[in-house]
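The values are calculated or read from the model by the stated rules, or taken from the named source; none is laboratory data. Treat the numbers as computed from the prediction; the structure is a model and nothing was measured. Ideal geometry is used to build each Cβ from the backbone, glycine not excepted, and the neighbour counts take in all protein chains shown. Side chains included, ligands, DNA and RNA excluded: accessible areas come from the protein's heavy atoms. Shrake-Rupley method; radii C 1.70, N 1.55, O 1.52, S 1.80 Å.
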Amino acid sequence: MPNAIIIHSLLNRKADIMAKIILNGLKDTKEFGEKLGSLLKPGDIICLIGDLGAGKTTLTKSIGIGLGVEDYITSPTFTLINEYKGKLNLYHFDVYRLEGITDLDDLGFEEYFYSDGVCIIEWGDKIEDILPEGTINISIEKGKELDNRILILNGKGDRFKELIEELNID
């Protein structure tokens, strides 16, 4: 992964895998997102966690490019979900304004989560109790420089381990 510094990855006793990546600017964020998007498979769910302005939507746009989405990707802050066509369908959720899990029930979230597309959920930590076990969590923190970001990737299972290997994080 060009220009990204891989700090470490580790396997802890709970079988969670964690990797920390420092992205040195928007170019690194774009390259990482595109690579991640190109590696995603039907049914993958990405949960993005971070403060306002951390870069969740920016990363989603780059993942979308990697998925072959040609439409302009925007945050679904007021609609809760946007759908995009690519080599895999992208279902982009923003649950920041969610008043409760029943709001997701009304959207039929399970149809999205268990579809042949990819789900990206901004503020996914708000609904972690209903996310499938194989969800890939990415926490985004601002770095020391304006456009630097620190990503913490974690998850469980063979799919997450495969994804970490494909991203060349070891």
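If you check G117 against the conditions, is it modelled with pLDDT of 95 or more and touching a Pro at 6+ places or on another chain (Cβ under 9 Å)?
On the way: modelled with pLDDT of 95 or more: yes; touching a Pro at 6+ places or on another chain (Cβ under 9 Å): yes.
So G117 fits the description; yes.
Of all residues in segment 100-116, count the ones that are hydroxyl-bearing (S, T, Y) and either surrounded by 16 or more Cβ atoms within 10 Å (Cβ to Cβ) or farther than 23 Å from K41 by Cα (or both). Let's see the steps before the verdict.
The first filter runs over segment 100-116 and keeps only residues hydroxyl-bearing (S, T, Y), leaving 102, 112, 114-115.
When the remaining residues are screened for being either surrounded by 16 or more Cβ atoms within 10 Å (Cβ to Cβ) or farther than 23 Å from K41 by Cα (or both), the result is 102, 112.
Of the residues in that region, 2 qualify.
Taking the condition of a type in the set (F, W, Y), over 14 Å from I17 (Cβ atoms) and either part of a helix (DSSP H, G or I) or open to solvent by 60 Å² or more (accessible area, probe 1.4 Å) (or both), does Y91 pass? Break it down stepwise before answering.
On the way: of a type in the set (F, W, Y): yes; over 14 Å from I17 (Cβ atoms): yes; either part of a helix (DSSP H, G or I) or open to solvent by 60 Å² or more (accessible area, probe 1.4 Å) (or both): no.
In short, no.
Scanning for something open to solvent by 30 Å² or more (accessible area, probe 1.4 Å), assigned to a helix (DSSP H, G or I), over 16 Å from L39 (Cα atoms) and in contact (Cβ under 8 Å) with a residue 40 or more places away in the chain, does segment 123-146 turn up at least one residue?
Looking through segment 123-146, at least one residue is open to solvent by 30 Å² or more (accessible area, probe 1.4 Å), assigned to a helix (DSSP H, G or I), over 16 Å from L39 (Cα atoms) and in contact (Cβ under 8 Å) with a residue 40 or more places away in the chain.
Out of segment 147-160, which residues are surrounded by 18 or more Cβ atoms within 10 Å (Cβ to Cβ) and either in a helix (DSSP H, G or I) or under 10 Å from the mean Cα position of the chain (by Cα) (or both)?
L153, F160 - these are the residues of segment 147-160 that are surrounded by 18 or more Cβ atoms within 10 Å (Cβ to Cβ) and either in a helix (DSSP H, G or I) or under 10 Å from the mean Cα position of the chain (by Cα) (or both).
Please go through segment 105-122 and give me each residue that is in a helix (DSSP H, G or I) and either touching a strand residue (DSSP E or B) at 6+ places or on another chain (Cβ under 8 Å) or within 23 Å of N154 (Cα to Cα) (or both), ordered by number. Let's see the steps before the verdict.
Within segment 105-122, the first condition is being in a helix (DSSP H, G or I), and the residues that meet it are 105-107, 109-113.
Answer for segment 105-122, where residues must be in a helix (DSSP H, G or I) and either touching a strand residue (DSSP E or B) at 6+ places or on another chain (Cβ under 8 Å) or within 23 Å of N154 (Cα to Cα) (or both): L107, F109, E110, Y112, F113.
Let's see how each residue does on (1) within 15 Å of N168 (Cβ to Cβ); (2) β-branched (V, I, T); (3) open to solvent by 40 Å² or more (accessible area, probe 1.4 Å); (4) part of a loop (DSSP other than H, G, I, E, B):
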residue	(1), (2), (3), (4)
K30	no, no, yes, no
E34	yes, no, yes, no
K41	no, no, yes, yes
C47	no, no, no, no
G53	no, no, yes, yes
T57	no, yes, no, no
T60	no, yes, no, no
I65	no, yes, yes, no
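Return yes or no: is N168 open to solvent by 20 Å² or more (accessible area, probe 1.4 Å), more than 19 Å from I49 (Cβ to Cβ) and not charged (D, E, K, R)?
yes
Here are some conditions: (1) farther than 18 Å from L52 by Cβ; (2) open to solvent by 30 Å² or more (accessible area, probe 1.4 Å). C119 meets all but one. Which one does it not meet?
Failed condition: (2).
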